1. If the requirement is being in contact with a Phe, Trp or Tyr (Cβ under 7 Å, 6 or more places away or on another chain) and either in contact (Cβ under 8 Å) with a residue 60 or more places away in the chain or open to solvent by 60 Å² or more (accessible area, probe 1.4 Å) (or both), which of these qualifies: E235, E219, E245, E279?
2. Mind checking which pairs have a first residue in segment 252-270 that is over 15 Å from E219 (Cα atoms) and a second that is aromatic (F, W, Y) and open to solvent by less than 40 Å² (accessible area, probe 1.4 Å), Cβ under 6 Å, 6 or more apart or different chains?
3. Residue check: is D414 within 54 Å of the chain's Cα centre (by Cα) and either under 29 Å from G323 (Cα atoms) or at pLDDT below 85 (or both)?
4. Just need a number here: residues in segment 363-401 that are touching a Pro at 6+ places or on another chain (Cβ under 7 Å), within 18 Å of R417 (Cβ to Cβ), buried (at least 23 other Cβ atoms within 10 Å of the Cβ) and small (G, A, S).
5. Name the pairs: first residue in segment 429-451 and within 20 Å of D515 (Cα to Cα), second residue assigned to a helix (DSSP H, G or I) and open to solvent by less than 60 Å² (accessible area, probe 1.4 Å), Cβ to Cβ under 6 Å, at least 6 apart or on different chains?
6. Considering only residues that are within 22 Å of E454 (Cα to Cα), outside any strand (DSSP E or B) and of a type in the set (A, V, I, L, M, F, W, C), which ones fall in segment 197-238?
7. So, in segment 377-392, of the ones that are in a loop (DSSP other than H, G, I, E, B) and in contact with a Lys or Arg (Cβ under 6 Å, 6 or more places away or on another chain), which residue ends up modelled with the lowest pLDDT?
8. Could you list, in sequence order, all residues of segment 501-525 that are over 21 Å from Y578 (Cβ atoms) and not acidic (D, E)?
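The values are calculated or read from the model by the stated rules, or taken from the named source; none is laboratory data. Model, not experiment: these values are computed from the prediction. Virtual Cβ from ideal backbone geometry, glycine too; neighbours counted across all protein chains shown. Keep in mind that these areas ignore ligands, DNA and RNA; they rest on the heavy atoms of the full protein, side chains included. Shrake-Rupley method; radii C 1.70, N 1.55, O 1.52, S 1.80 Å.
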Amino acid sequence: MRGVVGCVRDVGRWSGFVLMACLAVACGDDDSGTNGDAGLSDAATVDLCAVDNGGCDMLATCTNNGGRADCGQCPLGYDDPNGDGTSCVDVDECATDNGGCDALAECTNTAGSFTCGDCPEGYTGGAESGCLDIDECATDNGGCDALTTCTNTSGSRTCGDCPAGYTGDGATGCVDIDECATAADNCDENAACTNTAGGFTCECDPGYSGDGETCTALEDCLQILRANPAATDGEYTIVPAGATEPMTVYCSMSMNDGGWTQVFDQDIDVAPGYRPKAEWVSVNPDMPNSGQYSILDQLHRFEGADGTYELLYEWPDGPMPAGYVQWTQGANPMDVSDNARARISNVTMMPADQRGCQPFGGLAVGTSASYLDGDPGGCWWFAVGSGRGHPDGTNRGIPTYSQPNEAGGSNSADRVRLWVRKLPHPDCASILSANPTATNGTYEIDPDGVGPVEPFDAYCDMVTDGGGWTIVFGATGAAGEQALVSDTETAGDPFAFDAFNVDRAKKMALSARADESIFVRRTGPWLKADAPLFDENLDTPSSESHVAVTITANDGTTNPDAFLGYANYNIARGGDFYVSRDGNTCAGTTTQGVDHHSTAYWNLNCGCAQHYLYSYQRSGGEAAGYDVNTSLGSWTGTSGCHSADGGTMAFYAAMR
C-alpha cells in the first residue's frame, strides 16, 4: 500500500488534489515509512497547474508554487466574485451606459468585451467616437423636389408639400398642373389661357380689355389699338357705346394713324354690286370688309366725346388712283340733310383739292342715286351707298370726285369704304360742355387727338369760375417739389393740394387748345389770365415766353396790363414761371414784366418786385417754391421775397 497519509500536506484546501497527486508518488513498500519523506519531497515538485488549471478559473493564470497552485487575476472584462481567481465571470459591459457605444448604435456583449454596431443610416462617424447626424438637405436639397422645402431631422429629412399649381409630393417629385387643359383656370371666356410653371396667365382676346379674369369688349377700333399698339388690320369684336350685344367689325390699324372702324364697304364686283340706296342703311352686318356691308344705322354709336364724328371716305381700287378724304363732322351724316349740312373741319385729301359739283361739304343724306353723298346740291359725288353707276365717261362706277379730272375722264371707283374713329374728349371744358352736370374728378382726355400724346386721366375742376379747367400742376409749398415747367410727372391729388405735375407734352397739347389759365390757392382765392400757361416751345431747350395778359382775381379785380411767361433755362434758383406787371425793381425797370437781372433766376425780378406769382429757392435744381409779392384784390401777397426752399403757397394751376 502506498503512503497516502504521508502525502497529505494540507488537509482542507489541497487534500483532494494532494491525495490524487500522492497516488502517483512511489512510496516505500513497507509500512515503516522509510520512504515517506522521499514521497513528500517528490510531491513538492509536482506541477499542480497541469490538472484542471490547478483549480484556477481557466481564464486565470495558474502558477505552481512549491507544491501550491497560485491563481492569477481574472482578465479584463471579467469579475472575480471569489477574489482568488478560481471563478471568472464575464462582465456585461452593454448593461451599463450601452457599453460606451453611441446611444444610436447597438452594443453587443462578447466574452470579456463588447462590440459597438455601426451608426444607423442618416448618421456619420463611429459608434465608439459618436454618431453625427448627416444634414441631407445640404446636398441636392436632400433629394426633395427643388420646388419643395427640405427639413433636416435626426438621421433623416422630410420634404415639404408641392407648391400650389403642382401635383405629387416633395419626395417623389412635383408635376405641373396644366390648368388650361383641365379647365382649372379662371380666365374670362374672352381670354386666352396660357399654362405656366405652377400657374397660368389670362390675356384678354383682341378687342377686349381687362386683366384676363374679367374681359370687357372695347367700344371701337381706336380703343383696341391703344390697348394693343401691335394690333394689325383685321376683324375684331367690339361692343359700341350703348349697344348690348357684341358685333364683329373690320379695323384698319395702319391707315392714317390707325384705329378706324369700318361702317360701310361697297364693291361693285361683288354681287349684287349696286342696291337700292335705301337698303344701304344696313347690309350684311356680320360680314365686314366683304364688299357688300353696311352698319350705317350704327354710326351714331361712334359719336366722339365732343359730339363730332371723325370720318374717312376711301376708294382703294381703280380704275382711278386710290385716294381718300378725312375730316371731322359736327353731326351724324345720317341725321343731316343735303341742304343743311353739318360743320366740317380738319379736312385732308389725297389727291388735294377734291370737289364734286361743289366743294366737299361733308356727308349728308343724298337726294340723288346714293344714300349719302358729300356734294351739296343735286350732284352725288363722294357717294356712300350707290344705287347705280355714275355716267362719268369711260367708267360707270361709284362716283368719288369730279375734280381734279382723272385721265380719260374716269373719276369713279369700283370700291369705296367709309370709316369712323371715335376720339375721347380733348379737355375738361369739352367734357363739361357735353355734360353740364359733371363734377370735380378725373376724366379721360386726349388733347391732341391721334397725335403723339396718348389719352390720359386728367383732373378736371368743374366748379371754379364756371369750371372746365384741366389741372396740370400742383404745389404744397414744401421744398424739393417740381417746377411748373418741369417734364417730370408727379402723382398726387391736386384737389387735396398735393404735389402734382404732368409732363411737357401734355402741357403743350393742352396749351394749344386753351385760351385761359388759372391759379387756385388752398385758402380760396384764385387768379385768372386770358392766355395759356405755355406755348409749343416748352420742350425746346433754352426757350422762354412772355405774353401780355389781362388778369382777374376772384373778387373781380383786374389788371389789363399784366404779363405771363416761363423759361426752361437759367432757372437754377427759380424764375421758371411768373405773372407780373411792368414797374421798377431794385435792378431797374421791367420789360414785359421781368428785369432779367440774374441768370440764376431768369424770370424773377430783383427783390421779387411786381410779381403776382413768382418762384424762388435758395438751393439749386429743378425744384421750386411759389409765392406772391404783389396783391391784386383778393389775390393777396404771401411774402415780400421768400427765398427759402419751398414756397409758402399751396395751389394748383390749370387751363381751359
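1. Details: E219 fails: in contact with a Phe, Trp or Tyr (Cβ under 7 Å, 6 or more places away or on another chain); E245 fails: in contact with a Phe, Trp or Tyr (Cβ under 7 Å, 6 or more places away or on another chain); E279 fails: in contact with a Phe, Trp or Tyr (Cβ under 7 Å, 6 or more places away or on another chain).
Checking each option against the conditions leaves just E235.
2. So the pair list comes out as D265/Y293.
3. In short, yes.
4. Within segment 363-401, residues that are touching a Pro at 6+ places or on another chain (Cβ under 7 Å), within 18 Å of R417 (Cβ to Cβ), buried (at least 23 other Cβ atoms within 10 Å of the Cβ) and small (G, A, S) number 1.
5. P447/A509; P447/L510; D448/A509
6. Residues satisfying the conditions are L218, C221, L222, I224, L225, A227, A230, A231.
7. This residue is G389.
8. Going residue by residue through segment 501-525, those that are over 21 Å from Y578 (Cβ atoms) are 503, 505-506, 509, 512-513, 524.
Within segment 501-525, A505, K506, A509, A512, R513, G524 qualify.
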